[in-house]
Structures are given as structure tokens and as C-alpha cells.
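Heads up, the thing below is written out as C-alpha cells.
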Ligand SMILES: C[S@@+](CC[C@H](N)C(=O)[O-])C[C@H]1O[C@@H](n2cnc3c(N)ncnc32)[C@H](O)[C@@H]1O
């Protein structure tokens, strides 16, 4: 696949990873991997079922979703945080997944128009700078009929205790998790992004990380 490297510089340079928090997040997601997996497995198994042999993932982090890729498959990982790269490479090697790591932001992947069948994400649209631009980019690179499959955490309904906690904790949450917002209406964003069809299941998990507990999982078809 031809990847347009002229699109690398602006997108990569716009991503700022803090040395301390970048390392903390890489360690946090490795350490919490099996805990988060237990909480999200039921939903990931459903939306990541039957993935194609080549998958583009935005914000792969430390490789939480490699367990859902078919044996011997290729992952094109769009991951601008260099502190994630070492653990991601190690997980890919252990999983026998061929890794094509793109050190750039998902707003500008550099991948050709209509070139991929499947894009996946988990817990990423909360963190990207511009979710609408990322969704437009996903639509641009998907072939007609290709799918975007996602598991994301979202804003709780107004008037709930979780929504109040999300409001109160938004600043320390965003600081700790490098820009992550617990206040995005991502169901609306995906539905408004111009996909041919969208299926979304909202659900709730139960963790001490209260702002994280309201989630959606789904599939959007280009
Ligand atoms: C909360 S972590 C989730 C990682 C992984 N998907 C998981 O489920 O464990 C968010 C990830 O999104 C990445 N990220 C942040 N901004 C991004 C952007 N603009 N484009 C692509 N990835 C981005 C971060 O570097 C981080 O790896």
C-alpha cells in the first residue's frame, strides 16, 4: 500500500506527548490490560468478530486489540505517541502479527483513499484532538462497504451522577490521560459522520474509574 509520507510531518508534529505522562500512560495501559479486557471483552468480541487479514487501527496504544486479529494478519497502527511504540512492537511480535507502525495522528493517516476494508479503535475518539476530522479520515480510507468498528467511552446522560463526576473530574482526567475527554457525545459524532449505516449499543460498565463507565460499541459501514 502506498502511504503518503508528505502527510506525516504536520500531523505528527501537532501531537505532543509529555515525557512523564507519556511513559505513565504506556505503563498504565500495559498494567491494566487484563482488567480493561475483562470489562470490555463482551463488547469487543461482538464488534471485532471476523476482522479481515489487514486491519487499520487508530491509537493502538500498547496493543490491547491484537488478541482480536486473525493469526498471521497485518496491523497498520496509526499511533503518534512514541512511548507506546516499544510495548506495541513487543505485543505484535508475541502475537505473530505483522506490524506496520505509522507514527502519526489519525486526523491525517496518509493512507490512500478507499484502500482498506476495516478500521478499528478502542478508547481513542475520546483522546484525539478532533474526532470529527478522524471520522472523516476513516470514511476517506475505507472502501465502499468497509467497516469502522469501535468501543469508546462517552459522556453520561445529563442529570446523572456519572455526568456530574465527569464534569468535576474533567481537568485532572484530561491531564492524567493526555487530553482524554470524558464528556464527548461520540454516538452523535459517529452518526453525523456520513456513513451508509451505523449500529451502536450504549452500555455501562462498573469500575472505580467513574467517568469511564458509560460506553458505546458499534459498527459504521462506509
Ligand atoms: C486511552 S489510549 C487507548 C489505547 C488502546 N486503543 C487501548 O484500548 O488500550 C488512547 C490512545 O490514542 C492515542 N492517540 C491520541 N491522540 C491520537 C491521534 N490524534 N491519532 C491517533 N492516536 C491518538 C494515544 O497515543 C493512545 O495510545
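Each value in this text was obtained by applying a stated rule to the coordinates, not by laboratory testing. A quick note: this is a predicted structure, and the numbers were derived from the prediction, not measured. In this analysis, Cβ positions are derived from the backbone assuming ideal geometry, glycine residues included, and neighbour counts consider all displayed protein chains.
A few remarks follow.
- Potential lengthening of the chain between residue 18 and residue 93 amounts to 24.4 nm, from the contour at 0.36 nm per residue minus the alpha-carbon distance.
- The convex hull around the C-alpha trace of region 106-186, projected and averaged over every direction, spans 5.7 square nanometres.
- Each pair of Cα atoms in the chain enters the Kirkwood radius, and Stokes-Einstein at 20 °C and 1.002 mPa s then converts it into a translational diffusion coefficient of 123 µm²/s.
- Once the C-beta distance of residue 168 and residue 46 is scaled by a Förster radius of 25 Å, the resulting FRET efficiency is 0.20 to the nearest 0.05.
- Length added when fully stretched, residue 196-residue 28, from 0.36 nm per residue minus Cα-Cα: 56.8 nm
- Cα extents for region 144-192 along the principal axes, largest to smallest and rounded to whole angstrom: 41, 26, 15.
- With Rh defined as the Kirkwood radius, the inverse of the mean 1/r over Cα pairs, the Rg/Rh of region 10-87 is 0.99.
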